[in-house]
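K.L.:
The structure follows.
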Amino acid sequence: MVLKECIICGREFEAKGNNAKFCSEKCRNAKIPTNDHVGEVHYELKIKSAYRQKSILYAECECSCGKKCTVRYDSVLSGNTQSCGHIGEKNLLKPSDLKDKTNKNGVKALYKIGKIEGSYIWHCICTCGKEFDTTVELFPKIKSCGCQQEIARKEIANTVLKDYRETARQDGTSIYAIQDKKLLKNNTSGVRGVTWDNARQKWLAQIEFKGKNYFLGRYYKKEDAIEIRKIAEKKIFGNFIKWFEEKFPERWKKINKNGDKKI
């Protein structure tokens with residue numbers, strides 16, 4: 001025997017196996033509330049709450065007519081139960097009734113393929129002309145074969161690209177390049193624009209602005225090279241970044257996520 005805690009009442013009980021969950025038949029038959037599928041709409045029924053009882057999922061629904069009813073979720077999902085009963089058996093949508101029907105998004109059902117794991121599969125045609133398969137449960141709500149999602153993704157990508165092109169260069173200057181803190185792999189100084197010149201055995205400082213590279217000199221001490229680079233950044237980048245921040249505040253927020261970083 002193994003001591004277990006009942007998942008319903010919390011009482012400890014002696015269980016015969018590790019899979020035991022209930023201390024008594026009363027707890028075994030109790031309703032276990034769950035948030036699964038709450039808010040889903042199937043035909044005329046909207047699921048307001050749900051619970052499990054003896055491993056079966058029940059949905060407490062509100063019908064389009066206003067009446068409330070409790071039904072098995074698998075019955076709602078399969079389409080066997082589509083309302084509280086006010087529609088009538090003769091008006092229920094059967095899996096075979098989908099032939100040549102078009103949903104509100106323009107998707108048309110062509111023919112039934114078969115039944116997989118309790119759900120009927122239908123071969124449909126999208127408004128774009130592409131054919132695809134879907135379940136009888138998803139048919140009333142499905143929007144497309146997937147082309148609409150692809151269109152949406154392309155629109156987002158084009159918007160981002162447009163924003164980058166408008167933002168990336170102002171007067172030949174890349175705001176992204178200015179803000180980029182990533183260092184080249186061969187950088188040993190830890191500071192952008194400051195590198196070790198092995199031929200001269202000195203630290204080289206330089207800066208790029210408006211497509212031109214400005215040589216800031218070579219120094220024996222790394223600290224001196226870093227200092228001159230920082231001074232140049234303030235002199236060259238300072239006014240530009242201030243102008244960009246004032247003129248394009250929303251884009252500045254995207255580039256400078258914290259909103260308060262300054263170079």
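The values are calculated or read from the model by the stated rules, or taken from the named source; none is laboratory data. Because the structure is predicted, anything quoted here is derived from the model rather than measured. All Cβ positions, glycine included, derive from the backbone under ideal geometry; neighbour counts span all protein chains shown.
K.L.:
For region 49-66, how many residues meet the condition of being surrounded by 14 or more Cβ atoms within 10 Å (Cβ to Cβ) and farther than 22 Å from Val136 by Cβ?
P.N.:
So the first thing to find is which residues in region 49-66 are surrounded by 14 or more Cβ atoms within 10 Å (Cβ to Cβ), and the list is 49-52, 57-64.
Checking the rest, the ones that are also farther than 22 Å from Val136 by Cβ come to 49, 51-52, 60, 62.
Within region 49-66, residues that are surrounded by 14 or more Cβ atoms within 10 Å (Cβ to Cβ) and farther than 22 Å from Val136 by Cβ number 5.
K.L.:
Counting only residues that are under 12 Å from Glu233 (Cβ atoms) and within 42 Å of the chain's Cα centre (by Cα), which one in region 192-205 is modelled with the highest pLDDT?
P.N.:
Val194
Let's see how each residue does on (1) basic (Lys, Arg); (2) farther than 30 Å from Gly79 by Cβ; (3) out of contact with any Gly (no Cβ under 7 Å at 6 or more places or on another chain); (4) at pLDDT 90 or above:
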position	(1), (2), (3), (4)
Ala20	no, yes, yes, no
Arg28	yes, yes, yes, no
Ile32	no, no, yes, no
Glu44	no, no, yes, no
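K.L.:
Given Ser174, Ser119, Ser144, Ser189, which one is among the hydroxyl-bearing types (Ser, Thr, Tyr), at pLDDT 80 or above and surrounded by 14 or more Cβ atoms within 10 Å (Cβ to Cβ)? Quick ask: steps written out before the conclusion?
P.N.:
Numbers: Ser174 fails: at pLDDT 80 or above; Ser119 fails: at pLDDT 80 or above; Ser189 fails: at pLDDT 80 or above.
From the options Ser174, Ser119, Ser144, Ser189, the qualifying one is Ser144.
K.L.:
Hey, another quick one. Check His37, His42 and return the single one that is on the phi > 0 side of the Ramachandran plot, surrounded by 11 or more Cβ atoms within 10 Å (Cβ to Cβ) and not basic (Lys, Arg).
P.N.:
Numbers: His42 fails: on the phi > 0 side of the Ramachandran plot.
None of the other options fit; the residue is His37.
K.L.:
Within the set of pairs 6+ apart or on separate chains, which have a first residue in region 105-122 that is over 14 Å from Glu137 (Cβ atoms), a second that is of a type outside the set (A, V, I, L, M) and at pLDDT below 90, and C-beta atoms under 6 Å apart?
P.N.:
Filtered contacts from region 105-122: Asn105/Lys143; Lys108/Thr102.
K.L.:
A follow-up question, please. Give Asp100, Asp74 a once-over and let me know the one that is modelled with pLDDT of 75 or more and assigned to a loop (DSSP other than H, G, I, E, B).
P.N.:
Values: Asp74 fails: assigned to a loop (DSSP other than H, G, I, E, B).
Result: Asp100 is the single residue among Asp100, Asp74 that is modelled with pLDDT of 75 or more and assigned to a loop (DSSP other than H, G, I, E, B).
Residues checked against (1) assigned to a loop (DSSP other than H, G, I, E, B); (2) closer than 30 Å to His123 by Cα; (3) among the basic types (Lys, Arg); (4) in the same structural domain as Cys124 (by TED's automatic domain parsing):
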{"site": "Gly17", "(1), (2), (3), (4)": "yes, no, no, no"}
{"site": "Tyr51", "(1), (2), (3), (4)": "no, no, no, no"}
{"site": "Thr70", "(1), (2), (3), (4)": "no, no, no, no"}
{"site": "Gln82", "(1), (2), (3), (4)": "yes, yes, no, no"}
{"site": "Ala109", "(1), (2), (3), (4)": "no, yes, no, yes"}
